[in-house]
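One structure below.
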Amino acid sequence: MRKTDISRRKKYDFLIIGSGIAGLSFALKVAGHGKVCVITKHKLDETTTAYAQGGISSVTYQPDDFEKHINDTLNAGAGLCNPEVVRKVVTEAPEQIKQLMAWGTRFDKTQDGKFDLHREGGHSEHRILHHKDNTGFEIQRALTKAVKSNPNIDVLEDHFAVELITQHHLGEIVNKWRRDIECYGTYVLNRKTNCVETILSKVTLMATGGVGAVYQTTTNPTFATGDGIAMVYRAKGMVENMEFIQFHPTSLYNPKERPSFLITEAMRGFGGILKRRDGQKFMHKYDERENLAPRDIVARAIDNEMKTTGDDFVYLDVTHKPAEEIKTHYPNIYQKCLSLGIDITKDMIPVVPAAHYACGGIKVDVNGRSTIGRLYAAGECSSSGLHGGNRLASNSLLEAVVFADAAAKDAIANISSYTFNDRVPEWNDEGTSITEEMVLITQSQKEIEQIMSYYVGIVRSNLRLKRAMDRLEILYHETESLFQRSTVSEELCELRNTIQVGYLIIKHAQQRRESRGLHFNLDYPKQLTL
Ligand code: FAD
Ligand code: SIN
């Protein structure tokens, strides 16, 4: 049996799980109000944030205004957004952009010194601030640098959060937040020592990002396994809206590559046109906004065209745009495609939809508080009410930074009323002596990805969902039994988490007896658009 290491028990006022835009911006805001620790399962800058291409939305100049951004967000959200949250995020955007710049983020500007604004699907105006076609990389670079140079923030890389430490106070109102479950920190697998350590905290922020790795074809990095959502669900916190998985319409068709390389939606804002392999345009058949319709509509249209023609992909065509402009605005996409023999100034780009973003997640209130006391959540792992049934493009980096700010303010205001819970036991790994063969884990992981892609993808049906649930149940029992018997490993924890996230997606999809936003079920063919 592996021994737990009591001497390694650490205590922090603010514990942050995840080092993307949500986690690091929260860390920078609370630093100075107590001891801060960021844990992250790999390196500090290995995040989905670093993959973001298109940019971050914010109203800047006339003729754009807050009401237009609010309406675009509500329209995309298919009647399920929380209007109060939408207003908050949209109106706080300019302040948060200033903050990102103060931390060192550079956004592209035009020759007259104004922001060079892009436009993406569902946006009625040009309002996407960006840094070339690698905005997320630039934001991550700036935040990582700011965090590394802040002496108040400890960073623990290669630390994998396994489970939240919580206590259920039966029927008791434990604090003014009303929550009867409280979070006291987390058990963490130190990947270097292979020990499970206990980290105690007064306040914890879950910022573990998305769930794309649950699907076979995804733009998300393979570590996007929904760990935070699964941990909160196991701790009996509320998770909602998981049926709303957003498929990005245009990932590069290159079957051997995982994750799939994204072809930013900004390319359609730039004039890119979707075409079938026979060269025919098709978006006019589906929506009057054609190539700039919201993502759910474009992804379903592509899916339908591929099914009708039997083709494995459609094309995105920018060859009619000036070659120099393409290279200046989209240097990374240009280089990537060129490395595969596709010169996008002359050749059309083969594209397919790919799982991209989880609109649902850990339910939080306007202050970023989850339903578990002392536990906040922000970024893609959370469900704030901004996205509703379908996220508007480039609203996620924005949501992450606005809600990290709200959570930081609330946590700072409450931190003095908490103490550490020293009675927390060490991780118990009694009876877990075996290390399982990796093949059992990797094979189950592949099965989940297939189940989710075949039965719980862009188009669903009651029968497909039932089949997915039945198959997943077998994997669930096998994996739980494995988990009880085995020493903890990152691979096994991720497998367990993807199964739980898959279960939540299917369960929520079954509970929604209608087609709405990103959830399209053939048994309820009429798409509701409130
Ligand atoms: P992340 O950036 O994913 O960070 C999560 C962190 O949690 C990581 O550090 C990870 O290692 C850590 N972690 C996870 N589990 C554990 C664990 N068990 N223990 C310890 N650490 C853990 N959005 C936009 O608004 N605009 C865009 O242009 C845009 N482009 C995109 C392009 C691509 C290809 C992709 C995939 C997404 C894009 N998105 C975009 C979405 C956006 O990038 C993400 O929603 C956002 O970056 C999520 O930030 P986050 O801080 O919530 O999580
Ligand atoms: C993109 O650049 O198309 C991605 C934008 C987003 O996911 O918001």
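Just to confirm the number: angle between the C-alpha axis of helix 396-414 and the first principal axis of the chain, 0 to 90 degrees, nearest 10? Between the helix axis and the principal axis of the chain, the angle is about 30 degrees. Shape call for segment 341-394 from the C-alpha gyration tensor, a ≥ b ≥ c root eigenvalues: rounded (a/c under 1.5), prolate (a/b greater than b/c) or oblate? In terms of gyration-tensor shape, prolate. Packing, as the average of other Cβ atoms within 10 Å across residues, places the peptides 184-190, 344-350, 413-419, 201-207 in the order 201-207, 184-190, 344-350, 413-419, highest first. For the pair residue 84 and residue 238, label points projected 7 Å from Cα toward Cβ lie 1.2 nm apart.
With 21 Å as the limit on Cα-Cα distance, the pairs of 285/336; 202/409; 132/409; 192/236 that go past it are 285/336; 132/409; 192/236. Full extension of the segment from residue 281 to residue 430, taken as 0.36 nm per residue of separation minus the current Cα-Cα distance, would add 47.5 nm.
Each Cα pair under 8 Å and six or more residues apart adds its sequence gap; the mean of these over the residue count of segment 315-424 is a relative contact order of 20 percent. Ranked by the mean number of other Cβ atoms within 10 Å of their residues, highest first, the peptides 262-269, 379-386 fall in the order 379-386, 262-269. The spacing between segment 207-227 and segment 341-401, judged by their C-alpha centroids, is 11 Å. Each of 311, 296 has some number of other Cβ atoms within 10 Å of its Cβ, and from fewest to most they run 311, 296.
How high is the relative contact order of the chain, given as a whole-number percent (alpha carbon pairs under 8 Å, six or more residues apart)? Mind dumping the intermediate values first?
Working: 1181 pairs, mean separation 113.4, N = 530.
Computed over the chain, the figure is 21 percent.
Along its principal axes, segment 247-374 has C-alpha extents of 56, 33, 30 angstrom, given from the largest down.
Rg and Dmax, both from the Cα atoms of the chain and both in Å, are 22.5, 68.
Here the alpha carbons of segment 305-370 define both size measures, Rg and Dmax, at 18.2, 50 Å.
Rounded to the nearest 20, the size of the Cβ-charge dipole of the chain about its Cα centre is 400 debye, with Lys and Arg at +1 and Asp and Glu at -1.
How far is helix 135-148 tilted, in degrees, relative to the longest principal axis of the Cα atoms in the chain, given as a value from 0 to 90 rounded to the nearest 10? Once rounded, one gets 30 degrees.
Where does the chain land at 222 nm, in deg cm²/dmol rounded to the nearest 500, when only DSSP H runs of n ≥ 4 count, each adding -39500 (n - 2.57), divided by all residues?
Value at 222 nm, helices only: -11000 deg cm²/dmol.
Viscosity 1.002 mPa s, temperature 20 °C: give me the Stokes-Einstein translational D for segment 1-98 in µm²/s, with Rh taken as the Kirkwood radius over C-alpha pairs. My calculation gives 127 µm²/s for D. Rounded, prolate or oblate: which one fits segment 172-314, using the alpha carbon gyration tensor with axes a ≥ b ≥ c (rounded when a/c is under 1.5, else prolate when a/b beats b/c, else oblate)? Judged from the Cα gyration tensor, segment 172-314 comes out prolate (a/c at least 1.5, a/b above b/c). Extension gain, residue 447-residue 126: 0.36 nm per intervening residue step, less the Cα-Cα distance, totals 111.4 nm. Of the two radii for segment 213-269, the radius of gyration is 1.07 times the Kirkwood radius, both from the alpha carbons; that is the Rg over Rh value. Candidates 495, 482, 458 compared by Cα position along the dipole of segment 442-496: farthest toward the positive end lies 458, with charges placed on Cβ. Each pair of Cα atoms in segment 354-459 enters the Kirkwood radius, and Stokes-Einstein at 20 °C and 1.002 mPa s then converts it into a translational diffusion coefficient of 123 µm²/s. Rounded to the nearest 10 degrees, the inclination of helix 66-76 to the longest alpha-carbon principal axis of the chain is 90 degrees.
Distance between the pseudo-spin-label points of residue 168 and residue 46 (7 Å out from Cα toward the beta carbon): 3.5 nm.
Across segment 229-286, Cα pairs under 8 Å and at least six residues apart give a relative contact order of 16 percent.
Binning the C-alpha pair distances of segment 86-154 at 10 Å intervals from 0 yields a P(r) profile of 18, 44, 30, 8, 1 %, listed from the shortest bin outward.
Assuming a ≥ b ≥ c are the square roots of the Cα gyration tensor eigenvalues, decide whether segment 387-518 counts as rounded (a/c under 1.5), prolate (otherwise, with a/b larger than b/c) or oblate. Oblate, since a/c reaches 1.5 and b/c is not below a/b. Counting 0.36 nm for each residue step from residue 325 to residue 154 and taking away their Cα separation leaves a gain of 57.3 nm. Across q = 0.14, 0.18, 0.19, 0.20 Å⁻¹, segment 87-239 modelled as identical point scatterers on its alpha-carbon atoms has Debye log10 I(q)/I(0) values of -1.03, -1.30, -1.32, -1.35, in the order of the q list. Looking at the chain alone, DSSP beta bridges between its own residues are antiparallel in about 60 percent of cases. Using a simple spin-label model with pseudo-atoms 7 Å out from Cα toward Cβ, residue 192 and residue 338 lie 3.9 nm apart.
Just so you know, all these numbers are worked out from the coordinates, no wet-lab data involved. Predicted model, so just to flag it, every value in this text is computed and none were measured. We place every Cβ from the backbone using ideal geometry, glycine too, and count neighbours over all the protein chains shown.
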